[in-house]
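The values are calculated or read from the model by the stated rules, or taken from the named source; none is laboratory data. In this text the structure is predicted, and so the values were computed from the model without any measurement. Cβ placement follows ideal geometry from the backbone for every residue including glycine, while neighbour counts extend to all protein chains displayed.
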Amino acid sequence: MDDTHEPGRSSWVRSANEPDCDFPIQNLPFGIFRRRGTVEKARVGVAIGTMVLDLVDAAERAPTEFVGNREALEVCGEASLNALMALGRRPLRVLRETIGNALDLRNTVAQAQMKAALIPMADVEMFLPAQIGDYTDFYASIYHATNVGSMFRPDNALLPNYKYVPIGYHGRASSMVLSDTPVQRPVGQRKGPNDAEPSVGPSRSLDYECEVGVFVGAGNALGSSIALADAEEHMFGLCLVNDWSARDVQAWEYQPLGPFLAKNFATTLSPWVITLDALEPFRAPAFVRPEGDPAPLPYLSTPENEAAGGVAITLEVRLQTATMRERGAAPVAVSQTSFTHMYWTLAQLVAHHAMGGCNLRPGDLLASGTVSGPGKSERGCLLELTWRGAEPLTLPSGETRAFLEDGDLVELAGWCSAAGFRRIGFGSARGIVLPAGSVAGGTA
């Protein structure tokens with residue numbers, strides 16, 4: 001940790017000093033934006049309070065503040081973070097420190113020069129942070145894996161490989177969408193336990209999955225691996241992920257090769273990427289394995305990862321139905337959990353992904369899988385919360401939900417807080433469910 005984490009530090013951007021602000025000067029996440037209603041080129045911005053700092057504009061207005069950041073600034077005019085990600089951790093760390101010094105309340109010179117480079121968040125249009133070449137979704141919560149296994153395999157809930165190897169599947173990068181993009185109910189092939197034959201139609205069991213994603217920064221060459229001790233040097237930052245899932249389609253198709261159409265129709269991301277450096281005050285030990293569980297194999301084990309491989313992120317899922325919206329009722333929290341419950345750390349996921357020589361590339365996204373904890377209120381999807389629909393949720397509006405209905409809005413939120421440090425947030429990832437469209441051969 002360094003001066004950028006000083007809890008008493010304030011910014012001349014007043015909104016950044018509000019107690020519950022997601023984006024204080026201690027955070028400074030990166031994203032891609034342009035002014036709303038324009039056709040100007042999208043570019044790199046930094047969130048500060050309720051404003052977006054245009055990095056290219058700021059550097060032009062206050063060049064002496066950004067001395068030593070030439071390499072990073074050269075790529076901040078790009079319409080994605082990929083080139084900045086490719087530079088690795090050190091240039092990013094220096095750039096974040098520079099931005100923090102320029103936005104510091106005590107820097108009156110920078111305030112006078114850079115104030116015009118700030119744009120209200122309400123006046124910007126955000127884009128996906130990166131061109132995502134590949135997307136891998138893991139299954140890293142043992143509580144989620146055990147709950148799901150209990151529903152489908154009561155006598156064999158957790159398969160024997162789970163405690164030895166991080167389980168994941170290759171997802172669909174082309175259908176990743178930014179927060180506030182509507183999600184159309186997917187059409188798929190379904191076969192219920194009492195159906196003689198499968199049928200085609202809209203999913204009747206649409207679900208969300210509350211996850212955390214990590215963007216790859218500097219990649220590795222094809223045929224090489226990434227040591228666990230070096231894995232975090234290959235990470236750029238974290239975001240929120242909602243891996244929407246059609247549970248009825250998934251139940252029919254997932255054997256023997258795993259998820260496919262049940263998860264390839266949409267995955268929602270939050271727009272701001274929180275750097276690992278901003279998260280340093282909130283590092284936590286890796287999951288403490290119960291007595292009798294096997295220790296991670298050597299390539300997945302270091303004392304450093306065991307001591308501080310986790311990140312203490314509070315994650316909350318909020319739901320708002322169409323009826324609630326009509327009545328002016330805000331989304332209501334249906335679960336809250338902690339990212340410290342994950343059986344595998346992010347570094348272990350990166351190291352395992354590359355162990356066979358897979359070349360991870362800047363902008364690739366690795367998601368954690370559903371984040372669930374030991375308590376019912378900590379379950380990160382409706383499949384678990386309603387126990388496959390058998391125990392529907394009752395909402396304050398009087399409505400019940402086993403799975404999502406058309407018009408439902410799902411909002412994921414995340415934040416970090418710890419004694420002696422300033423709270424920082426992830427913003428949110430939101431999506432509203434639209435009715436199913438058509439399918440080849442007829443209307444669904």
Exercise. Are any residues in segment 27-55 among the aromatic types (F, W, Y) and over 21 Å from P7 (Cα atoms), and if so, which ones?
Worked result: F33
Seminar exercise, completed: Per the list (1) at negative phi; (2) surrounded by 16 or more Cβ atoms within 10 Å (Cβ to Cβ); (3) in contact with a helix residue (DSSP H, G or I) (Cβ under 7 Å, 6 or more places away or on another chain), residue check on P374 breaks on (2)
For this session: Determine, yes or no, whether L385 is surrounded by fewer than 22 Cβ atoms within 10 Å (Cβ to Cβ) and in contact with a Leu (Cβ under 7 Å, 6 or more places away or on another chain).
Result: no
Exercise. So, in segment 242-259, of the ones that are at pLDDT 95 or above and assigned to a loop (DSSP other than H, G, I, E, B), which residue ends up nearest to F403 (Cα to Cα)?
Worked result: W244
Exercise. Counting only residues that are outside any strand (DSSP E or B) and within 29 Å of E6 (Cα to Cα), which one in segment 281-298 is nearest to the chain's Cα centre (by Cα)?
Worked result: F282
Seminar exercise, completed: R36 vs (1) of a type in the set (D, E, K, R); (2) buried (at least 20 other Cβ atoms within 10 Å of the Cβ); (3) touching a helix residue (DSSP H, G or I) at 6+ places or on another chain (Cβ under 7 Å): all pass except (2)
For this session: Would you check if there is a residue in segment 267-280 being assigned to a helix (DSSP H, G or I) and acidic (D, E)?
Result: yes
For this session: May I ask you to verify whether D180 is buried (at least 18 other Cβ atoms within 10 Å of the Cβ), acidic (D, E), touching a residue at least 12 places away in the same chain (Cβ under 8 Å) and out of contact with any helix residue (DSSP H, G or I) (no Cβ under 9 Å at 6 or more places or on another chain)?
Result: no
Exercise. For segment 368-390, how many residues meet the condition of being over 20 Å from the mean Cα position of the chain (by Cα), part of a loop (DSSP other than H, G, I, E, B) and closer than 25 Å to R289 by Cβ?
Worked result: 2
Exercise. Which residues, taken from segment 299-318, are in a helix (DSSP H, G or I) and among the hydrophobic types (A, V, I, L, M, F, W, C)?
Worked result: L300, A307, A308
Exercise. Within segment 357-364, can one find any residue that is among the hydrophobic types (A, V, I, L, M, F, W, C), not assigned by TED's automatic domain parsing to the domain that holds G31 and not in a loop (DSSP other than H, G, I, E, B)?
Worked result: no
For this session: Scan segment 313-328 residue by residue and report those that are under 30 Å from R283 (Cβ atoms) and of a type in the set (V, I, T).
Result: I313, T314, V317
Exercise. Looking at segment 152-209, which of its residues are in a loop (DSSP other than H, G, I, E, B), under 29 Å from F287 (Cα atoms) and of a type in the set (A, V, I, L, M, F, W, C)?
Worked result: A157, L158, L159, V165, I167
Exercise. Of the conditions (1) aliphatic (A, V, I, L, M); (2) touching a Leu at 6+ places or on another chain (Cβ under 8 Å); (3) assigned to a helix (DSSP H, G or I), V94 fails just one. Which one is it?
Worked result: (2)
For this session: Please work out if D180 is among the charged types (D, E, K, R) and not assigned by TED's automatic domain parsing to the domain that holds G217.
Result: no
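Residue check: is A262 in a loop (DSSP other than H, G, I, E, B) and either outside the structural domain of L409 (by TED's automatic domain parsing) or touching a helix residue (DSSP H, G or I) at 6+ places or on another chain (Cβ under 6 Å) (or both)?
Answer is yes for this residue.
If a residue must be part of a loop (DSSP other than H, G, I, E, B), polar (S, T, N, Q) and closer than 25 Å to R14 by Cβ, how many such residues does segment 29-80 contain?
Residues flagged as part of a loop (DSSP other than H, G, I, E, B), polar (S, T, N, Q) and closer than 25 Å to R14 by Cβ within segment 29-80 amount to 1.
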Problem set entry | segment 4-16 - residue that is in contact (Cβ under 8 Å) with a residue 40 or more places away in the chain and not in a loop (DSSP other than H, G, I, E, B) and, of those, surrounded by the fewest Cβ atoms within 10 Å (Cβ to Cβ) | H5
For this session: Name the residue, out of A145, A117, that is farther than 24 Å from S428 by Cβ, among the small types (G, A, S), assigned by TED's automatic domain parsing to the domain that holds L412 and surrounded by 15 or more Cβ atoms within 10 Å (Cβ to Cβ).
Result: A145
Exercise. If we scan segment 125-133, do we find a residue that is under 20 Å from the mean Cα position of the chain (by Cα), under 30 Å from F339 (Cα atoms), of a type in the set (G, A, S) and surrounded by fewer than 20 Cβ atoms within 10 Å (Cβ to Cβ)?
Worked result: yes
